[in-house]
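Below you'll find the structure, written out as C-alpha coordinates, and then a few comments.
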Amino acid sequence: MDTARTGASGRLRALPTRLVGQVAIIANRATERALEHTGSRRYHYALLATLDELGAGSQAEVGRRTGIDRSDVVAAVNELADRGFVHRTPDPADRRRNVLTLTSAGADHLADLDTRLEIAQAELLPGFTPAERANFVLTLNRILEVHSGE
(Lines give C-alpha, C1' and ligand atoms only; values in the text may rest on other atoms or scores of the structure.)
Protein backbone atom coordinates (compact mmCIF):
# COMPACT_ATOMS: atom_id res chain seq x y z
CA MET A 1 0.00 0.00 0.00
CA ASP A 2 1.36 3.40 -0.96
CA THR A 3 1.70 5.50 2.20
CA ALA A 4 1.77 8.74 0.21
CA ARG A 5 -1.50 7.83 -1.48
CA THR A 6 -3.33 6.62 1.62
CA GLY A 7 -1.77 9.06 4.05
CA ALA A 8 -1.61 6.27 6.63
CA SER A 9 1.50 5.58 8.66
CA GLY A 10 3.01 2.14 9.03
CA ARG A 11 1.60 2.01 12.54
CA LEU A 12 -1.95 2.63 11.26
CA ARG A 13 -1.52 0.14 8.42
CA ALA A 14 -0.56 -2.52 10.98
CA LEU A 15 -3.80 -2.30 13.00
CA PRO A 16 -6.35 -4.91 11.87
CA THR A 17 -9.11 -3.11 13.79
CA ARG A 18 -8.49 0.10 11.86
CA LEU A 19 -8.06 -1.67 8.52
CA VAL A 20 -11.29 -3.64 8.91
CA GLY A 21 -13.12 -0.42 9.74
CA GLN A 22 -11.71 1.34 6.69
CA VAL A 23 -12.54 -1.60 4.42
CA ALA A 24 -16.06 -1.74 5.90
CA ILE A 25 -16.65 1.85 4.80
CA ILE A 26 -15.57 0.99 1.24
CA ALA A 27 -17.67 -2.21 1.28
CA ASN A 28 -20.76 -0.40 2.55
CA ARG A 29 -20.45 2.24 -0.16
CA ALA A 30 -20.10 -0.44 -2.86
CA THR A 31 -23.13 -2.27 -1.48
CA GLU A 32 -25.21 0.90 -1.34
CA ARG A 33 -24.34 1.69 -4.96
CA ALA A 34 -25.23 -1.88 -5.99
CA LEU A 35 -28.60 -1.77 -4.25
CA GLU A 36 -29.42 1.76 -5.36
CA HIS A 37 -32.66 1.94 -7.36
CA THR A 38 -33.80 -1.52 -6.20
CA GLY A 39 -35.78 -0.34 -3.19
CA SER A 40 -33.84 -2.86 -1.11
CA ARG A 41 -31.16 -2.60 1.55
CA ARG A 42 -28.68 -5.01 3.13
CA TYR A 43 -31.27 -6.31 5.63
CA HIS A 44 -33.69 -7.09 2.81
CA TYR A 45 -31.00 -9.05 1.01
CA ALA A 46 -30.01 -10.96 4.15
CA LEU A 47 -33.61 -11.97 4.86
CA LEU A 48 -34.33 -13.02 1.28
CA ALA A 49 -31.08 -14.97 0.96
CA THR A 50 -31.69 -16.76 4.26
CA LEU A 51 -35.22 -17.75 3.28
CA ASP A 52 -33.96 -18.94 -0.11
CA GLU A 53 -31.13 -21.03 1.34
CA LEU A 54 -32.72 -22.37 4.52
CA GLY A 55 -36.41 -22.32 3.68
CA ALA A 56 -39.41 -20.94 5.51
CA GLY A 57 -39.07 -20.10 9.16
CA SER A 58 -40.56 -18.07 11.95
CA GLN A 59 -39.85 -14.38 11.80
CA ALA A 60 -37.80 -14.64 15.02
CA GLU A 61 -35.83 -17.62 13.69
CA VAL A 62 -35.02 -15.90 10.40
CA GLY A 63 -33.93 -12.84 12.36
CA ARG A 64 -31.58 -14.96 14.47
CA ARG A 65 -30.18 -16.66 11.35
CA THR A 66 -29.27 -13.28 9.89
CA GLY A 67 -28.09 -11.63 13.10
CA ILE A 68 -30.42 -8.69 12.51
CA ASP A 69 -31.95 -7.02 15.57
CA ARG A 70 -35.59 -7.99 16.20
CA SER A 71 -36.99 -4.47 15.68
CA ASP A 72 -35.11 -4.13 12.39
CA VAL A 73 -36.38 -7.55 11.27
CA VAL A 74 -39.99 -6.46 11.82
CA ALA A 75 -39.54 -3.30 9.73
CA ALA A 76 -37.68 -5.12 6.93
CA VAL A 77 -40.20 -7.98 6.84
CA ASN A 78 -43.06 -5.48 6.66
CA GLU A 79 -41.40 -3.81 3.68
CA LEU A 80 -40.70 -7.13 1.94
CA ALA A 81 -44.25 -8.35 2.55
CA ASP A 82 -45.69 -5.08 1.21
CA ARG A 83 -43.69 -5.58 -1.97
CA GLY A 84 -44.83 -9.20 -2.33
CA PHE A 85 -41.36 -10.67 -1.79
CA VAL A 86 -42.23 -12.68 1.32
CA HIS A 87 -45.45 -14.24 2.47
CA ARG A 88 -46.15 -13.97 6.19
CA THR A 89 -48.68 -16.34 7.77
CA PRO A 90 -49.53 -17.21 11.36
CA ASP A 91 -47.78 -20.35 12.56
CA PRO A 92 -50.46 -23.06 12.98
CA ALA A 93 -48.55 -24.45 15.98
CA ASP A 94 -48.30 -21.06 17.70
CA ARG A 95 -50.57 -18.29 16.40
CA ARG A 96 -48.38 -15.68 18.14
CA ARG A 97 -45.58 -16.39 15.66
CA ASN A 98 -45.38 -15.57 11.97
CA VAL A 99 -43.90 -17.94 9.40
CA LEU A 100 -42.07 -16.31 6.51
CA THR A 101 -41.90 -17.84 3.06
CA LEU A 102 -40.06 -16.52 0.03
CA THR A 103 -42.42 -15.81 -2.90
CA SER A 104 -41.52 -16.28 -6.56
CA ALA A 105 -41.37 -12.47 -6.89
CA GLY A 106 -38.98 -12.47 -3.93
CA ALA A 107 -36.81 -15.12 -5.57
CA ASP A 108 -36.68 -13.06 -8.77
CA HIS A 109 -35.77 -9.94 -6.80
CA LEU A 110 -33.10 -11.89 -4.92
CA ALA A 111 -31.57 -13.04 -8.22
CA ASP A 112 -31.36 -9.40 -9.34
CA LEU A 113 -29.77 -8.42 -6.01
CA ASP A 114 -27.27 -11.29 -6.31
CA THR A 115 -26.16 -10.00 -9.71
CA ARG A 116 -25.84 -6.45 -8.43
CA LEU A 117 -23.95 -7.53 -5.31
CA GLU A 118 -21.52 -9.62 -7.36
CA ILE A 119 -20.55 -6.37 -9.09
CA ALA A 120 -20.01 -4.81 -5.65
CA GLN A 121 -17.71 -7.69 -4.69
CA ALA A 122 -15.63 -7.11 -7.81
CA GLU A 123 -15.55 -3.39 -7.00
CA LEU A 124 -14.35 -4.12 -3.45
CA LEU A 125 -11.71 -6.66 -4.52
CA PRO A 126 -10.37 -5.50 -7.89
CA GLY A 127 -7.45 -7.54 -9.12
CA PHE A 128 -7.99 -10.33 -6.58
CA THR A 129 -7.65 -13.80 -8.04
CA PRO A 130 -10.43 -16.26 -7.22
CA ALA A 131 -8.07 -17.94 -4.73
CA GLU A 132 -7.24 -14.62 -3.04
CA ARG A 133 -10.91 -13.73 -2.83
CA ALA A 134 -11.76 -17.15 -1.34
CA ASN A 135 -8.97 -16.76 1.21
CA PHE A 136 -10.18 -13.28 2.16
CA VAL A 137 -13.73 -14.58 2.66
CA LEU A 138 -12.39 -17.51 4.70
CA THR A 139 -10.42 -15.12 6.92
CA LEU A 140 -13.44 -12.86 7.49
CA ASN A 141 -15.64 -15.87 8.33
CA ARG A 142 -13.01 -17.12 10.75
CA ILE A 143 -13.03 -13.77 12.57
CA LEU A 144 -16.83 -13.88 12.78
CA GLU A 145 -16.83 -17.48 14.04
CA VAL A 146 -14.30 -16.69 16.77
CA HIS A 147 -16.47 -13.83 17.98
CA SER A 148 -19.89 -15.45 17.51
CA GLY A 149 -20.15 -16.45 21.19
CA GLU A 150 -19.64 -12.94 22.51
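The values are calculated or read from the model by the stated rules, or taken from the named source; none is laboratory data. The structure presented is a predicted model; accordingly, all values stated were derived computationally and were not measured. Because the Cβ atoms are built from the backbone with ideal geometry, glycine has one as well, and the counts that use them run over all protein chains shown. Areas reflect the complete protein model, heavy atoms only, side chains present, ligands, DNA and RNA absent. Shrake-Rupley method; radii C 1.70, N 1.55, O 1.52, S 1.80 Å.
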Set Ala34, Ala46: member being part of a helix (DSSP H, G or I), crowded, with 17+ Cβ neighbours inside 10 Å and touching a Lys or Arg at 6+ places or on another chain (Cβ under 8 Å): Ala34
Filter the stretch 120-150 down to the residues that are under 30 Å from Asn78 (Cα atoms) and surrounded by 13 or more Cβ atoms within 10 Å (Cβ to Cβ) and list them by number. Ala120, Gln121
So the check is Cβ under 6 Å with 6+ separation or different chains; which pairs have a first residue in the stretch 135-150 that's among the hydroxyl-bearing types (Ser, Thr, Tyr) and a second one that's open to solvent by 90 Å² or more (accessible area, probe 1.4 Å) and in a helix (DSSP H, G or I)? none
Here the residues within the stretch 27-56 that are in contact with a strand residue (DSSP E or B) (Cβ under 8 Å, 6 or more places away or on another chain) and of a type in the set (A, V, I, L, M, F, W, C) are Leu47, Leu48, Leu51, Ala56
Sole residue being closer than 30 Å to Glu123 by Cα, small (Gly, Ala, Ser) and at pLDDT 95 or above, chosen from Ala14, Ala8, Ala76: Ala76
Being open to solvent by less than 50 Å² (accessible area, probe 1.4 Å) and touching a Gly at 6+ places or on another chain (Cβ under 8 Å) is the filter; apply it to the stretch 61-102 and report the residue that is farthest from Ser40 (Cα to Cα). Val99
Among the residues of the stretch 27-57, count how many are under 16 Å from Glu118 (Cα atoms) and among the small types (Gly, Ala, Ser). 6
